[in-house]
1. If you build a Gaussian network model of the chain, linking Cα atoms that sit under 10 Å apart, which residue out of Val105, Val66, Val200 swings the most?
2. Work out the length of the dipole vector of the chain about its Cα centre, built from +1 on the beta-carbon of each Lys and Arg and -1 on the beta-carbon of each Asp and Glu, and round it to the nearest 20 debye.
3. Taking the 0 to 90 degree range and rounding to the nearest ten, how far is the long axis of helix 15-29 tilted relative to the main principal axis of the chain, both from C-alpha atoms?
4. For the chain, modelled as a GNM with alpha-carbon contacts under 10 angstrom, which of Thr49, Thr11, Thr111 fluctuates the most?
5. Quick one: putting +1 on the C-beta of Lys and Arg, -1 on the C-beta of Asp and Glu, what dipole do you get for the range 15-82 around its Cα centre, in Debye to the nearest 20?
6. Residue farthest toward the positive end of the dipole of the chain, with Cβ of Lys/Arg at +1 and Asp/Glu at -1: which of Ala210, Gly137, Gly159?
7. Once a ≥ b ≥ c are taken as the square roots of the eigenvalues of the Cα gyration tensor of the range 15-82, is the result rounded (a/c under 1.5), prolate (a/b larger than b/c) or oblate (a/b not larger than b/c)?
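We did not get these values from a lab; they are worked out from the coordinates using the rules stated. Quick caveat: nothing in here was measured; it's all calculated off a predicted structure. Here the Cβ positions follow ideal geometry from the backbone for every residue, glycine too, while neighbour counts run over all protein chains shown.
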Amino acid sequence: MPLVLIALDDTLLDRSGAFRLWAKGFLDEIGAPQADLEWLLSVDADGLTPRWDLADLIRDRYRLNVPSIDILEELREGPLTFERLDPLVGCALRIAGDAGLVPVVVTNGPTEIQDTRIRRTGLDQYIADWVISERAGVSKPNPRIFALAAQRVRMRLGGAWVVGDSPEADIGGAAAMGLPSVWLHRGREWVDNRFAPTRVVGNVIQGISAIMAAQ
């Protein structure tokens, strides 16, 4: 039974798509031009920009007469209303489970938010377990967080696959452990010459299929 350690953001859940939808509505709400959408997406940096910093950037750019904490709450809750689990992803996970694969989510981020996303979208029904960096006290690409994920389901880390869209956090983590990996390219080219993914695919469904074909 191969263990499959899968990222959450922009792998199992379309975090970027949900943020884009929220951003369009937010810009309309504050009377900002839709041309600013690309600016907002760029400063968000796929969620890597700290939320407090992003809230300050938004407040300063649009001279909003509200405290940053109000914008922070909007940044945390707003995109969640647009986030859904793709039924085809759920189906792929179900098929993978029936075939003997054991999918476990390994994600960086705050515990409360990531827990909420996993449960609210129903993703928890399709995975064996999940590990969140804030709760674990260690983040990807540190091998310890992947080892904790294996322990959660009482499986050996050896022979596991790592699936994700982050070259550093996911594929770098797999390389550090000597594990095979699947990278979701999302339209990008692989440019890191320190390590490389075992497979390159367009989405997580293709990634699961690649792992099943390799068994």
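1. Among Val105, Val66, Val200, the largest GNM mean-square fluctuation belongs to Val66.
2. Numbers: 23 positive and 29 negative charges, 169 e Å.
Charge dipole of the chain: 820 debye, to the nearest 20.
3. 10
4. Thr49
5. 80
6. Gly159
7. Note, shape of the range 15-82 comes out rounded.
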